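Only one structure is covered here, and it is reproduced in the block below.
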Amino acid sequence: MALADIIIKFILVIIIFAISLVIAMYSTYAERKFAAFFQDRIGPNRAGPWGILQPLADGGKMFLKEEIIPTNSSGFLFIVGPSLAIMTACIGSAVIPWGQQLVIGTHVIDLQVADINVGILYIFGVVSLGVYGIMIGGWASNNKYSLLGAIRAASQNISYEISMGLSIIALLLVTGTLSLRQIAEQQHGFWANGWFSWNFFKQPLGFLLFIVCAFAETNRSPFDLPECETELVGGYHTEYSSMKLGFYLFAEYINMFISSAVMATLYFGGYNFPFMDLIHSPNLVAIIGVVALFAKIFFFIFFFMWVRWTIPRFRYDQLMDLGWKTLIPLAIANIIITGLWITFIRG
């Protein structure tokens with residue numbers, strides 16, 4: 001790899017990292033505004049016009065607050081927990097294709113940090129590591145409520161990762177690849193060969209299973225039992241303060257952003273958009289594709305927030321019953337139906 005390519009990749013990494021942090025930061029603002037709208041309130045309106053600087057004020061507060069580490073906690077692991085949570089949240093964006101290639105002079109810029117042929121497995125590996133940050137933080141706090149929240153989180157994530165993995169198997173039968181770039185390319189445009197090219201129309205049940213599991217994996221309501229205030233005070237991060245608490249909160253919003261990007265790529269065409277073949281400039285198609293992908297991502301982020309302020313949380317036994325007794329059987333049935341369709345109809 002030439003030095004110019006290394007510099008381009010480094011700049012792309014910095015841009016994606018900055019975008020992830022900014023979106024996570026302003027997702028907190030958007031969530032509070034949406035909550036205020038749903039509950040007939042005003043929401044943040046003091047820091048800047050319409051409260052637009054509220055996330056900066058919150059970030060400053062997190063950095064400047066007194067940092068407290070409980071006396072009887074495991075000091076090293078107490079720091080490792082939130083560090084691992086934020087790290088696993090940020091590295092998931094490495095394999096997501098953000099757009100088609102840009103051509104600037106003699107340089108071809110690939111809008112993807114790493115185009116690996118096992119991109120989906122990489123995403124699942126990163127998602128699986130994320131639970132360690134929560135589990136370590138809850139255990140290291142030496143607090144029974146934190147430990148209960150961490151145990152809930154581990155049980156919930158393991159349960160719903162199974163359903164999520166099974167829902168992806170049916171999609172892999174249709175696409176025949178683990179590469180996110182190739183999956184996005186197969187959904188070129190919106191209509192191909194007399195049928196919709198986006199995978200949502202080929203795997204609607206698989207998408208439904210995936211998005212439910214995404215809610216559980218990101219600990220979003222109605223699956224926010226690991227940090228259920230009424231039962232566990234604050235859940236696995238009860239003892240955390242200052243920016244360590246901020247890392248846990250940021251990790252949740254970054255995970256929501258990455259989950260939205262993965263769903264948009266796997267099921268809704270990624271950077272593809274209708275009538276893209278009518279545009280003859282490749283660079284213009286790439287730029288519009290990036291805008292289209294982020295529009296899909298913002299829709300899913302809004303959907304995450306909409307559900308949070310609309311549906312009450314489950315009881316824990318209902319949560320586990322849904323995962324093991326409903327989603328897993330549906331995912332297995334979806335695999336069987338997809339296999340039969342490929343064998344006897346498409347084949």
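The values are calculated or read from the model by the stated rules, or taken from the named source; none is laboratory data. Since we're looking at a predicted model, the values are computed, not measured. Every residue, glycine as well, gets a Cβ built from its backbone with ideal geometry; the counts of neighbours run over all protein chains shown. Quick note on the areas: whole protein, heavy atoms, side chains included, nothing else; ligands and nucleic acids left out. Shrake-Rupley method; radii C 1.70, N 1.55, O 1.52, S 1.80 Å.
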- Which whole-number percentage describes the relative contact order of the range 23-63, with Cα contacts under 8 Å and a sequence gap of 6 or more? 30 percent
- Item | Gained length - Lys61 relative to Ala333, 0.36 nm times residue gap less alpha-carbon distance | 93.0 nm
- At a 1.4 Å probe, what is the % contribution of carbon and sulfur to the accessible area of the range 65-346? 70 percent
- Item | Accessible area (Å², 1.4 Å probe, nearest 10) - Val108 | 80 Å²
- Note on the structure: Extension length gain for Asp321 and Thr177 (0.36 nm per residue less Cα distance), in nm, is 48.7 nm
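Can you give the FRET efficiency for Leu278 and Lys144, using 1/(1 + (r/R0)^6), R0 = 56 Å, r = Cβ-Cβ distance, to the nearest 0.05?
Step by step, r from the Cβ atoms, then E = 0.35.
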- Item | For Ile109, distant residues with modelled amide H under 5 Å away | Leu102, Val103, Ile104
- Message: Please list, ordered by chain and number, the residues whose modelled amide H lies under 5 Å from the amide H of Phe196; skip anything fewer than 5 residues away on the same chain.
- Response: none
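So what's the back-of-envelope 222 nm ellipticity for the chain, counting only DSSP H runs of four-plus at -39500 (n - 2.57) apiece and dividing by all residues, rounded to 500?
About -21000 deg cm²/dmol.
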- Message: Can you compute 3J(HN,Hα) from phi for each residue in the range 81-97, using the Karplus curve 6.51 cos²θ - 1.76 cosθ + 1.60 with θ = phi - 60°, rounded to whole Hz and x for Gly and Pro?
- Response: x, x, 5, 5, 4, 6, 5, 5, 5, 7, 7, x, 7, 5, 9, 7, x
- Query: Could you give me the ³J(HN,Hα) list for the range 108-114, computed from phi with Karplus coefficients 6.51, -1.76, 1.60 and θ = phi - 60°, whole Hz, x at Gly and Pro?
  - Reply: 9, 9, 8, 7, 7, 5, 9
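Apply 1/(1 + (r/R0)^6) to the Cβ-Cβ distance of Ile104 and Ile52, taking R0 = 25 Å, and write down the FRET efficiency to the nearest 0.05.
0.15
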- Message: For a quick check: with amide H placed at 1.01 Å from N, whose amide H comes under 5 Å from Ser241's, ignoring anything fewer than 5 positions away on the same chain?
- Response: Ile68
- Note on the structure: With every protein chain kept in place and a 1.4 Å probe, the range 65-346 has an accessible area per residue in Å² of 44 Å²
- Item | GNM top mover of Gly289, Gly105, Gly246 - the chain, alpha-carbon springs below 10 Å | Gly105
- Listed residue pairs exceeding 26 Å between alpha carbons, taken from Lys244/Lys296; Lys202/Lys296; Lys202/Lys325; Lys144/Lys244; Lys296/Lys325: Lys244/Lys296; Lys296/Lys325
- Message: Checking the cross-link filter: which aspartates and glutamates have an alpha carbon closer than 18 Å to that of Lys65, excluding same-chain neighbours under 8 positions apart?
- Response: Glu239
- Length gain on complete extension for the stretch Asp115 to Phe344, per 0.36 nm per residue less the alpha carbon to alpha carbon distance? 79.2 nm
- Query: Looking only at Asn255, Asn272, Asn45, which one moves most when the chain is put into a Gaussian network model with springs between Cα atoms under 10 Å?
  - Reply: Asn45
- Message: Test of understanding: in a Gaussian network model of the chain with alpha carbons linked when under 10 Å, which of Phe268, Phe76, Phe124 would top the mean-square fluctuation ranking?
- Response: Phe76
- How high is the relative contact order of the chain, in percent, counting Cα pairs under 8 Å that sit 6 or more residues apart? 23 percent
- Got a sec to turn the phi values of the range 177-183 into Karplus ³J(HN,Hα) couplings, 6.51 cos²θ - 1.76 cosθ + 1.60 with θ = phi - 60°, whole Hz, x for Gly and Pro? 8, 9, 7, 5, 4, 5, 4
- Message: Ordering Arg308, Arg181, Arg315 by accessible area with a probe of 1.4 Å, largest first, what comes out?
- Response: Arg315, Arg308, Arg181
